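Enquirer: Sharing a structure with you now.
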Amino acid sequence: MSATKRDYYEVLGVSRDAGVDDIKRAYRRLALKYHPDKNSGDKEAEQKFKACAEAYEVLSDPEKRQRYNQFGHDGLRGMGGHDFSRMGFDDIFSMFDDIFGGGIFGGSRRRGGRARAARGYDIETQIELTLQEVLTGVEKGVKFKRRDHCEACSGRGSEPGHEEQTCGQCGGQGQVSQAGMGGLFRMVTTCPQCQGRGKQITHPCKKCKGSGRMVKTRTVSIKIPAGIRDGQAVRLTAEGEPGELGGPRGDLYCYVKVKSHPFLLRNDDDLVVRVPISFSQAALGALIDVPTLSGKKEMDIPAGTQHGTVLQLKGQGLPDMRSGRRGALLVQLLVEIPKKLSKKQEKLLRDFAETEDKTVMPESKGFFDRLKEHFANDKEEVLKKE
């Protein structure tokens, strides 16, 4: 592996056995995160964006991925990969239009210098769930903000009563040409005056100042499937920002955050709970109550249970998102030693210790008496050796 390049799986944040869809989702999310329009002037974000594109190009190609898994970066030599460090953003976008829907990053996309409709930005929000809601699935209202069409001008950017005018520089073509190389050829470029739209706003809308967009708050209802995990997202199609020049809306990605439970911890589809029991319950066996997402359940503790033993209640975990099959509740038993004993309890334990033939500390011997005795014995040993 090259010393100057990070592992491609690490770049995308996926495991080495990740499927094609997982790799695509990871790249899509990171590309949105490090998109240049959202990180203007941030060179580090630019490098990360290009590193993600490079990693995706390799891991999405079965042949390149196999070579990379076997030989690392050196195995890709001679396979015709792109030099993303030298490529412009538009070139990278066009390479992966199948992922981004032909313009997911917003802004007008151009072909031959003329602006054309582009898909709007995707946006993200977050929703908090309890483990109980993860168990059953839930439908919740989600409130979020997005840049939307200005109500005053219906997203056109012009003050009501005024229309856009044909661009005087390009004559409405959206592109201009100029001679190059002493008149040997003509170069066609996007019109700098209207940015390829062919029209200009002469009277900007007072409410949105000509942008055609306003930040609005929206609430939608979203269905969260049972078994969803922390960090996973549910997509709501066409709930993102509107596209340019009539392009379709982007999507809303609602990421899930699962609240901590006072007793239960999640381990994949299993739940884990740590339950304290007494020495006598561990030694003699007992019937105890353990917390579950469906209320308290009785569990039989066998006699002779050791500290740290894990028992199972099958079907008391969380459901798998695909099969619906529930995991188990794993109950770890922690034997607690009492810090204080009554006289009767102490006598009973001393009687028990005698049956074990185990040496225990004398009842009347305190710590400092034992410490004094220890040093006295050490002194006698030294005198004997002399």
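Enquirer: Multiply the residue separation of residue 33 and residue 117 by 0.36 nm, subtract the distance between their alpha-carbon atoms, and state the gained length in nm to one decimal.
Expert: Details: separation 84, 0.36 × 84 = 30.24 nm, distance 2.26 nm.
Contour length minus Cα-Cα distance gives 28.0 nm.
Enquirer: Further, regarding this structure: List the residues of segment 202-219 whose backbone N lies under 15 Å from a point placed 7 Å from the Cα of residue 237 along the Cα-to-Cβ direction.
Expert: Correct set: none at all.
Enquirer: How big is the C-alpha Rg of segment 265-336 next to the rule-of-thumb value 2.2 N^0.38 Å, as a ratio?
Expert: Compactness ratio reported: 1.16.
Enquirer: In what order do 33, 314 fall by count of nearby beta-carbon atoms within 10 Å, going from fewest to most?
Expert: Listing 33, 314 from fewest to most nearby Cβ atoms yields 314, 33.
Enquirer: Under a point spin-label approximation (7 Å from Cα along Cα-to-Cβ), what is the residue 195-residue 272 distance to one decimal in nm?
Expert: 5.2 nm
Enquirer: Still on this structure, I have one more. Under 8 Å for C-alpha pairs, at least 6 residues apart: give me the relative contact order for segment 265-336, rounded to a whole percent.
Expert: On the way: 156 pairs, mean separation 29.1, N = 72.
40 percent.
Enquirer: Here's another thing I want to ask about it. Mind putting together the pair-distance distribution for segment 5-70? All Cα pairs, 10 Å bins, whole percent per bin, short to long.
Expert: For segment 5-70, the binned pair fractions read 22, 53, 21, 4 percent.
Enquirer: Rounded to the nearest 0.05, what FRET efficiency is calculated for residue 259 and residue 145 with R0 set to 22 Å and r the Cβ-Cβ distance? Each step should come with its number before you reach the end.
Expert: Values: r = 23 Å, r/R0 = 1.05.
FRET efficiency, residue 259 to residue 145: 0.45.
Enquirer: Which peptide among 214-220, 55-61, 203-209 comes first, and what is the full order, when sorted by highest mean count of other Cβ atoms within 10 Å?
Expert: 55-61, 203-209, 214-220
Enquirer: Between residue 376 and residue 152, 0.36 nm times their residue separation minus their Cα-Cα distance comes to what?
Expert: Roughly 71.1 nm would be gained on extension.
Enquirer: Give me the one-decimal nm value for the distance between modelled label points at residue 128 and residue 207, 7 Å along each residue's Cα-to-Cβ direction.
Expert: About 3.4 nm, to one decimal.
Bear in mind these aren't lab numbers, they're just calculated from the coordinates by the rules spelled out. Keep in mind the model is a prediction, meaning the values are calculated, not measured. Cβ sites come from the backbone with ideal geometry, for glycine too, and all protein chains shown count toward neighbours.
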